[in-house]
Amino acid sequence: MLTMLEFRRKVFHIFSGIVVIILLSLGVITRFELLILLIVGLIISPLSKKYKIPIVSWGLKKMDRKKMFMPGWGAITALAGMLIALYLFSENIAYASILILSVGDGFAALIGKMGKMKTRFSKKKTWEGTISGIITATIAASFFVPLYMALVASMVAMYVELVDFKFKNIIDDNLLMPFIAGVIISLLML
């Protein structure tokens, strides 16, 4: 079942990737400024446990899961995943990888929560979510890389998101998906 909290989180997840790419493309922000934002987030996160920080406390109340590693952990790892792509890959590959993360993962969760056909790879994930994630990620990423590359990278990245690996409690899929998508696209460009 899709709760209002999860709906807000995933809509924010989708739009954050799109907004980051638009702002980077227009030169409004740089990847260095995003790195500074990540560092600030890592400092503010533990402080928000003890202190009520304007805007931050409101955002955490509206969108944060209660049982996270630290407050805002999903947003922190999503930003870190975007930065991994931006620092490791060329602009088009990075943008495609960010969209695979934000759009693919976001729609997989939104549609998947309403799905009925559970996968054998995860007790929580559905085929409807995975397929919708692959389709939407492919469409979004194809604005920056050829369609077949977007499709292959989306399929592999969504598989990583789908499977409950033992190390996923340590390494979040927000970090893995853009890295893996970028590597796949880079390999396909060889």
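The values are calculated or read from the model by the stated rules, or taken from the named source; none is laboratory data. Computed from a prediction, not measured in an experiment: that's the story for all the values here. Heads up, the Cβs are rebuilt from the backbone with ideal geometry, glycines too, and the neighbour counts pull from every protein chain shown. For the accessible areas, the whole protein counts, side chains as well, though only heavy atoms, and no ligand, DNA or RNA atoms are used. Shrake-Rupley method; radii C 1.70, N 1.55, O 1.52, S 1.80 Å.
Table for the structure above
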quantity: Accessible heavy-atom area order of Met82, Met4, highest first, probe of 1.4 Å; calculated: Met4, Met82
quantity: 20 Å Cα-Cα reach of Lys66 towards lysines, excluding residues that sit fewer than 8 places from it in its own chain; calculated: Lys10, Lys49, Lys50, Lys52, Lys113, Lys124, Lys168
quantity: Net +/- balance of residues flanking Met155 in space, Cβ distance below 15 Å, scoring K and R +1, D and E -1; calculated: -2
quantity: Computed accessible area, Val183, all protein chains, 1.4 angstrom probe, square angstrom; calculated: 50
quantity: Neighbour-limited loop hits for chymotrypsin sites (Phe, Trp or Tyr not before Pro), the stretch 13-118 (at most 15 other Cβ within 10 Å; DSSP other than H, G, I, E, B); calculated: Tyr51, Phe69
quantity: Exposure of Thr126 as accessible area (Å², to 10), given a probe of 1.4 Å and all protein chains; calculated: 0
quantity: Probe 1.4 Å, protein heavy atoms only - accessible area per residue of the stretch 1-146 in square angstrom; calculated: 58
quantity: Reachable aspartates and glutamates from Lys116, criterion Cα separation under 14 angstrom, eight or more residues apart if same chain; calculated: Glu128
quantity: Selection from Ile36, Phe15, Tyr51, by position along the positive dipole direction of the stretch 1-129 (Cβ); calculated: Tyr51
quantity: Order of exposure, largest accessible area first, which applies to Arg120, Arg31 with probe 1.4 Å; calculated: Arg120, Arg31
quantity: Carbon/sulfur fraction of accessible area - the stretch 1-143, other protein chains in place, 1.4 Å, %; calculated: 72
